[in-house]
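The values are calculated or read from the model by the stated rules, or taken from the named source; none is laboratory data. The model shown is predicted, which means the values in this text are computed figures rather than measured ones. Positions of Cβ are backbone-derived with ideal geometry, glycine not excepted, and every protein chain shown enters the neighbour counts.
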Amino acid sequence: MKAILSYSLYRRPKATNEEDAIGYLSAGSVIEVSRIEAGKMLDGISIWFFAEDGFYYWGGGIQNLLGEGFFSWNNLPLDTQHAVLSSIVNDEAYLIEKRVIGSLGYSLGYKNDDISAGLALSIFVGEKTPEENLEKTITYKGILDIPVDVKEAEEIIHDVFPNIMKQITPDMDIPMQMGGSISLSGSKSVGSRGLILEREEKSFLLTCFHVLLGEFIKKGIFPFSGSPNLSAEYPSSQKNPHGVRIRKGQITEGRYDNNSDFALVQLNDEFDLLNAFDNRLFNDFHDSNTREGLLHKNVIMAGAVSIMQQGKVLETDGSVTITKTGMRFRNVVVTEKISAPGDSGGPVVDENNKVVGIIIASDKRNRSYVLPIHNFLILEGYKIN
């Protein structure tokens, strides 16, 4: 298959930019492609083209194809299929979703959530209609018959609601663990504690922006810089029937955008919290290179309402729209229903206690939505305490 470089690309001996380049080819150059492989992800695209000149070229710089050369989806190895779907999601799935009536997002998953049916590009819709007119397969960068699966998600809503009373084990433990309740001081809306983070020798408690700072979503004010008038309490007085001592902390930072739904509460030097739930200590976190490996694996969530729930990962690299706010979140992990209203902010870990992210939403079709934390940790310089 012949392909045209859309801009200048280095010639790499392996499918990564971590290998020294052997020169480059200019934009407009034509290469004869032998195969497509999974490689280092750059700008969200992790497919690489191996050419007959013996070098690899990053897929993000390959645009125009010449002649009739195409690759068959079913002939690609599983890791390459993963890379192709992840690249589509990060590269141009938004163009596809514009053609789907009632689109709420898209992701990488299995056809009909059935592992035996193979990988597919999932498109979430509020309700399936005959007018969708989306083919069952698409073509991407010379790859034919990539499966598309349209799935109903209905309304996707943040998991935070007021006045849900239930005895919560993490609020009773000393030290208190994650997954217990937290709220804006004086507020009736309740969410869940997520993680203890550290930066510059200071410690912070992480939960969702919409849990503590929902009023600022209505005003369109985000990011948020700490106010002396705003503090959080944990456990929340709304969910504290046993009279556990209430702790308070200053809300110092909050972000609510395509990659973030985070609020941070600064902790005192002598705080009595533990990065664990059910005595499962958090020891690491998934990044963009390991997230795809979660497909169909079990994850565990602890929340202020559901306490502990387990379910399978149905999709990764998702993009979903919160119905009431209109915010589109990227890189979301979609699971079986493991959360309920009040669980927003609750930590989600795999069976090896490796953190996936925190709960941000659920829908009426038995799915929960997990926002990964790796971008926040890496870009903002935080680490898990």
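Out of curiosity, is ASN283 over 24 Å from ARG328 (Cα atoms), of a type in the set (S, T, N, Q) and under 21 Å from the mean Cα position of the chain (by Cα)?
yes
Mind listing whichever residues of region 155-182 are among the hydroxyl-bearing types (Ser, Thr, Tyr) and either at pLDDT 95 or above or over 20 Å from GLY254 (Cβ atoms) (or both)?
Across region 155-182, the qualifying residue is only THR169.
Quick check, is ALA232 under 20 Å from ASN385 (Cβ atoms) and not assigned by TED's automatic domain parsing to the domain that holds SER187?
no
I need the full set of residues from region 226-258 which are touching a Phe, Trp or Tyr at 6+ places or on another chain (Cβ under 7 Å) and in a loop (DSSP other than H, G, I, E, B), in order please.
ASN258
Determine whether region 333-351 contains at least one residue that is farther than 28 Å from LYS239 by Cβ and in contact (Cβ under 8 Å) with a residue 60 or more places away in the chain.
no
Which residue is surrounded by the most Cβ atoms within 10 Å (Cβ to Cβ), if the candidates are limited to region 170-225 and must be touching a residue at least 60 places away in the same chain (Cβ under 8 Å) and assigned to a helix (DSSP H, G or I)?
Result: VAL211.
Of (1) within 23 Å of ASN279 (Cβ to Cβ); (2) outside any strand (DSSP E or B); (3) under 16 Å from the mean Cα position of the chain (by Cα), ASN352 satisfies all except one. Which?
(3)
Working only within region 227-247, note down all residues that are of a type in the set (Gly, Ala, Ser) and without any contact (Cβ under 8 Å) to a residue 40 or more places away in the chain.
SER227, GLY243
May I ask you to verify whether SER319 is of a type in the set (S, T, N, Q), touching a helix residue (DSSP H, G or I) at 6+ places or on another chain (Cβ under 8 Å) and touching a residue at least 40 places away in the same chain (Cβ under 8 Å)?
yes
Can you confirm whether VAL333 is closer than 29 Å to MET176 by Cα and among the aliphatic types (A, V, I, L, M)?
Here the answer is yes, as VAL333 does meet what is asked.
Out of GLY293, GLY303, which single residue is of a type outside the set (S, T, N, Q) and at pLDDT 90 or above?
Just one listed residue meets the conditions, GLY303.
Restricting to region 74-124, name every residue that is in contact with an Asp or Glu (Cβ under 9 Å, 6 or more places away or on another chain), surrounded by fewer than 21 Cβ atoms within 10 Å (Cβ to Cβ) and free of Cβ contacts under 8 Å to residues at least 60 places away in the same chain.
Scanning region 74-124 gives PRO77, ASP79, ASP91, ARG99, VAL100, ILE101, GLY102, LYS111, ASN112, ALA117.
Show me the strands (runs of 3 or more DSSP E) entirely contained within region 51-130 in which 2 or more residues are in the same structural domain as SER6 (by TED's automatic domain parsing).
Those strands (runs of 3 or more DSSP E) span 56-58, 62-66.
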